[in-house]
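Before any comments, here is the structure.
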Amino acid sequence: MKTKVLITIALIFAFCITFKTIAQTGAAMNFDGVDDQIKFPNSTMGAFTIEFWMRTTQTGPAVTNWNGGNGIVDSEVTGTANDYGVTLIGNKVAFGTGNPNVTLTSTTIVNTGVWVHVAAMFTSNPNGEMWLYINGNLEGYQNLGVSSNARNIGGSIAIGSKRTDLAYYNGDIDEVRLWSKVLSTCELQSTMGCE
């Protein structure tokens, strides 16, 4: 019986070695700042976390509102709308929502050519709250004070530009994740380095 088990284990081991799958490593999406973008359908979200790694030397527009920046992950709509986005303004990351129009800006300079992890979080209930994390550290928080509308506008989400096909991002983006909940600080810090 022991011999049969050992032979079976040896065959399984040999099969796994012979037919192993090798994952691609070190790959990221590169955006040229001219016309590169990825779009996918948007859905209604009462709570979400957008998380990704970015590397750029680009300087965004010198504005204070998120919707004037270069789109990194964006679902912005012109006018008053239940939209949101993460953009590059100046040398920092901005996360914002419309209706109410609120912008959180990182304190960390991100256009250094070094990989930076970004997480933007929003919940509509019970009071409407927003968080912006850079490299696992909280850099911006806003309590909207009232229950806010779910983010349900835009039709699509763009990566590498504004959803409106404007304000293109120049740099690398990797490991984009869109969660349908607000991650805790512990969850964020424990998973941000995982592929």
Subject >> Selected residue (only one of Gly136, Gly113, Gly69, Gly46 is modelled with pLDDT of 95 or more, open to solvent by 10 Å² or more (accessible area, probe 1.4 Å) and small (Gly, Ala, Ser)) >> reply: Gly113
Subject >> Yes/no for Glu175 being open to solvent by 30 Å² or more (accessible area, probe 1.4 Å) and outside any strand (DSSP E or B) >> reply: no
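Any idea which residue in the stretch 99-110 is surrounded by the most Cβ atoms within 10 Å (Cβ to Cβ), counting only those that are over 12 Å from Asn65 (Cα atoms) and at pLDDT 95 or above? First the steps, then the outcome.
Taking the stretch 99-110 first, the residues over 12 Å from Asn65 (Cα atoms) are 99-100, 106-110.
From the residues that got through so far, the ones that are at pLDDT 95 or above too are 106-110.
Working: Ser106: 22, Thr107: 11, Thr108: 15, Ile109: 13, Val110: 25.
Within the stretch 99-110, the match that is surrounded by the most Cβ atoms within 10 Å (Cβ to Cβ) is Val110.
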Original post:
Given the conditions (1) assigned to a loop (DSSP other than H, G, I, E, B); (2) without any contact (Cβ under 8 Å) to a residue 24 or more places away in the chain, which single one is not true for Ser190?
Top reply: (1)
**OP:** Scan the stretch 25-43 residue by residue and report those that are open to solvent by 70 Å² or more (accessible area, probe 1.4 Å) and in a strand (DSSP E or B).
**Re:** Asn30, Lys39, Pro41
Subject >> Residue count for the stretch 139-160, restricted to those that are touching a Lys or Arg at 6+ places or on another chain (Cβ under 7 Å), open to solvent by 10 Å² or more (accessible area, probe 1.4 Å) and either free of Cβ contacts under 8 Å to residues at least 40 places away in the same chain or outside any loop (DSSP other than H, G, I, E, B) (or both) >> reply: 1
Original post:
Could you list, in sequence order, the residues of the stretch 77-98 that are surrounded by fewer than 24 Cβ atoms within 10 Å (Cβ to Cβ) and closer than 13 Å to Gly140 by Cα?
Top reply: Lys92
Original post:
Assuming Thr185 fulfils every condition listed in (1) closer than 27 Å to Phe31 by Cβ; (2) open to solvent by 20 Å² or more (accessible area, probe 1.4 Å) apart from one, which condition is it?
Top reply: (1)
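The values are calculated or read from the model by the stated rules, or taken from the named source; none is laboratory data. Please read all numbers here as calculations on a predicted model, not as lab measurements. Note that each Cβ is placed from the backbone with ideal geometry, even for glycine, and that neighbours are counted across all protein chains shown. Protein only, heavy atoms only, side chains kept; ligands, DNA and RNA dropped before computing areas. Shrake-Rupley method; radii C 1.70, N 1.55, O 1.52, S 1.80 Å.
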